[in-house]
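See structure below.
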Amino acid sequence: MRISSGIFRDYDVRAVIPDELDKEGAIRIGQAIAELFKPKIVAIGHDMRISADEISGGLAEGILKQGADVIDLGLISTDMAYFAAGKYQFDLAMSVSASHNPSEYNGLKLVKKNAIAVSGKSGIYDLRDLAVSKKKIAPAQKKGKRIAKNIVDDYIKHCLGFVEEKKIKPFKVVIDAGNAMAGHLIPKFAPFLPIKVIPLYFKLDGSFPHHDPNPLKPENVADLKKKVLAEKADFGMAFDGDADRIYFIDEKARFVSGTIITAVIAEALLKKHPGQTILYNAIVGRIVPEIIKKFGGKGIRVKVGHTLIKEAMRKKDALFAGEHSGHYYFRNNYYADSAFIAMLVCLELFSERNKPLSQIISEFDKYPIIPETNFEIKDKESLMRKIEKIYQDKAEKIDWLDGATLWFNDSFVNIRASNTQPLLRLNIEADNQKALLLRKKEFTKIIVDLGAKPSQE
């Protein structure tokens, strides 16, 4: 049996299969989930990864051993697990997936009833401690039942409820599914939408023969950009492996940042629901609070991370939240994220604007940014504190909401630690390209001089 303690992270479980987790280990985790949370019913769905049957089957077997029933959701996107926990009030729901990671990975995200996320603070590390311990978990006298349930139709109906389909124009759209879950689900949405979909890599294949399912890496959207230009499409979309994140490419084959899509969705929703609260994470650019203010909303800046954002949304009863990474959260979606709801809201707004996407985006694209840049270093906190000391009299202000954010009159710089790797992540936004390049050169040199090494992650 293999279960590495390092696979349990603040927001999920993610492992190399079978080196860090095998089927027997998954059975043990399933037993530990049932022992720790005492559920009566657990919904389990999975993506198309090579190890999907092994890991999801093992988790289900462990849960059944402890007497809880398992609702087998089959192939799902991760956001469908959140929907299942909210719509059907299952005690627990999980998506067995490793998101955008390469093919040798698998893992799980776990939520409670009403799609309340299980995080490091609310059970993941307790789960780790029990799963890797030598404590015997005695099986229940009566095994649970396994019941198949197809939730696709209900999920599509739920998502479509966020828009008026008749307002959506017959766009010509190239969609890159990356041989992952969007390839399974986009055809289910297609009959309800007037758009013409040009599919790219829709065949489910957990070996990811064309590219890794991580659209944030430029090489992974290169084919999509070429196809958009070749087909003279209105725009393109790319989804990650478990289809809970979405990215857009305009008709000129330019990547649209998560900051801009957050601003686009914020505007669309505030027009329908004025005066509402909208959250955005610490890395999102300044156009987002500007748009929220312009359209009469209340903007609140919060920490990065899906469990933290969902908790904050519930506390503030926020209408919407956006992350720079392509996650978009909706109050009427049980405060959870959904790439497909984001897709529909954007299709409706693009239709209403009745302009090429590049022109729509240009209205929001005020501030240039650098791609998130990673540096390898073990003592992350020490390096950030050294930077704070260097800039305590140079920056207009420094806050520690999520890592160190240094505010200047022409830019802001965020340096934060990865929760799971010995990495520092650098994000910079400036008023213009010249200021951006100067800040990038300045902070790259300082971070390297302080002992970090540029990373390829």
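Couple of notes before you dig in:
- Checked against (1) aromatic (Phe, Trp, Tyr); (2) assigned to a loop (DSSP other than H, G, I, E, B); (3) within 30 Å of Ile198 (Cβ to Cβ), Tyr82 passes all but a single condition, namely (2).
- Some residue of segment 294-315 being acidic (Asp, Glu), over 20 Å from Ala430 (Cα atoms) and not assigned by TED's automatic domain parsing to the domain that holds Ile246: yes
- When residues of segment 334-352 are limited to those that are under 24 Å from Asp176 (Cα atoms) and among the charged types (D, E, K, R), the one surrounded by the fewest Cβ atoms within 10 Å (Cβ to Cβ): Glu348
- Boolean, Arg416 is buried (at least 19 other Cβ atoms within 10 Å of the Cβ), over 20 Å from Val304 (Cα atoms), in contact with a strand residue (DSSP E or B) (Cβ under 9 Å, 6 or more places away or on another chain) and not aliphatic (A, V, I, L, M): no
- Segment 170-190, residues that are loosely packed, with under 15 Cβ neighbours inside 10 Å, over 22 Å from the mean Cα position of the chain (by Cα) and touching a residue at least 12 places away in the same chain (Cβ under 8 Å): Pro170
- The set of residues in segment 397-450 being under 21 Å from the mean Cα position of the chain (by Cα) and in a loop (DSSP other than H, G, I, E, B) consists of Leu401, Asp402, Gly403, Ser418, Asn419, Thr420, Gln421, Pro422.
- Of all the listed residues (Ala180, Ala138), the sole one being out of contact with any strand residue (DSSP E or B) (no Cβ under 6 Å at 6 or more places or on another chain), assigned by TED's automatic domain parsing to the domain that holds Met48 and in a loop (DSSP other than H, G, I, E, B) is Ala138.
- The condition of being surrounded by 22 or more Cβ atoms within 10 Å (Cβ to Cβ), small (Gly, Ala, Ser), outside the structural domain of His100 (by TED's automatic domain parsing) and out of contact with any Cys (no Cβ under 6 Å at 6 or more places or on another chain) holds for Gly322.
- Meets criteria (hydrophobic (A, V, I, L, M, F, W, C), within 30 Å of Pro454 (Cβ to Cβ) and not in a loop (DSSP other than H, G, I, E, B)) for Ile360: no
- Check on Lys378, free of Cβ contacts under 8 Å to residues at least 60 places away in the same chain and either outside any loop (DSSP other than H, G, I, E, B) or of a type outside the set (Asp, Glu) (or both): yes
- Checklist (1) in a loop (DSSP other than H, G, I, E, B); (2) assigned by TED's automatic domain parsing to the domain that holds Phe239 applied to Val173, failing item: (1)
- Ile377 vs. criteria buried (at least 22 other Cβ atoms within 10 Å of the Cβ), in contact with a Leu (Cβ under 7 Å, 6 or more places away or on another chain) and under 22 Å from Asp10 (Cα atoms): no
- Positions within segment 319-348 being of a type in the set (Gly, Ala, Ser), out of contact with any Ser or Thr (no Cβ under 8 Å at 6 or more places or on another chain) and modelled with pLDDT of 95 or more, in sequence order: Ala321, Ala336, Ser338, Ala342
- Residue within segment 354-369 that is under 30 Å from Phe235 (Cα atoms), touching a strand residue (DSSP E or B) at 6+ places or on another chain (Cβ under 8 Å) and small (Gly, Ala, Ser) present: yes
- Residue among Glu396, Glu429, Glu372 that alone is surrounded by fewer than 19 Cβ atoms within 10 Å (Cβ to Cβ), in contact (Cβ under 8 Å) with a residue 60 or more places away in the chain, more than 30 Å from Pro170 (Cβ to Cβ) and among the charged types (D, E, K, R): Glu372
- Ser51 being closer than 16 Å to Asp205 by Cα, among the small types (Gly, Ala, Ser) and modelled with pLDDT under 95: no
- Residue in segment 142-155 that is more than 25 Å from Gly86 (Cβ to Cβ), part of a loop (DSSP other than H, G, I, E, B), assigned by TED's automatic domain parsing to the domain that holds His100 and not acidic (Asp, Glu) present: yes
- Residue that is of a type in the set (Gly, Ala, Ser), outside the structural domain of Ala243 (by TED's automatic domain parsing) and out of contact with any Lys or Arg (no Cβ under 9 Å at 6 or more places or on another chain), where the choices are Ser122, Ser97, Ser133: Ser133
- In segment 301-325, the residues that are part of a loop (DSSP other than H, G, I, E, B) and within 21 Å of Val13 (Cβ to Cβ): Lys303, Val304, Gly305, Glu323, Ser325
The values are calculated or read from the model by the stated rules, or taken from the named source; none is laboratory data. Quick caveat: nothing in here was measured; it's all calculated off a predicted structure. Using ideal geometry, Cβ is built from the backbone for each residue, glycine included, and neighbour counts are taken over all protein chains shown.
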